[in-house]
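Read through the structure below, which is laid out as structure tokens, and then see the notes.
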Amino acid sequence: MQYRIAEIGHGWEPDKLMGYCVALYFAKLLVWDKVLGFGSTDALAGFAAITANLVVSFYFAKRGFENVARIIKR
């Protein structure tokens, strides 16, 4: 059981906090502004756009690297 808890982690880790921020922004941008038409948020530009793309890329690449490392470890 301890192994599963260690593998899952906590919700307040820095990588998860950044993911939550990006997810909230995209949810507001897509659902609130585009689907429901209630707002008009400017698109991300410059450093914020690069950071958001890196956070999203990190989540997809991290899991892929973990799977490859697990296969190599066997």
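Give, in nm to one decimal, the length gained when the segment between Leu30 and Arg63 is fully stretched (0.36 nm per residue of separation minus the Cα-Cα distance). Let's see the in-between values first.
Numbers: separation 33, 0.36 × 33 = 11.88 nm, distance 2.49 nm.
Length difference between fully extended and current span is 9.4 nm.
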Cα-centre dipole for the chain with unit charges at Cβ (Lys and Arg positive, Asp and Glu negative), debye to 20: 400
Carbon/sulfur fraction of accessible area - the chain, other protein chains in place, 1.4 Å, %: 71
Residues of the chain: accessible area per residue with a 1.4 Å probe, Å²: 86
Fluctuation leader among Lys16, Lys62, Lys28 - the chain, Gaussian network, Cα springs under 10 angstrom: Lys62
Helix-only CD estimate at 222 nm, as mean residue ellipticity for the chain, using -39500 (n - 2.57) per DSSP H run (n ≥ 4): -21500 deg cm²/dmol
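The values are calculated or read from the model by the stated rules, or taken from the named source; none is laboratory data. As the structure is a prediction and not an experimental result, all values here were calculated from the model. So basically every Cβ, Gly included, is an ideal-geometry build from the backbone, and we count neighbours across all protein chains shown. Accessible surface areas use protein heavy atoms only, side chains included; no ligands, DNA or RNA. Shrake-Rupley method; radii C 1.70, N 1.55, O 1.52, S 1.80 Å.
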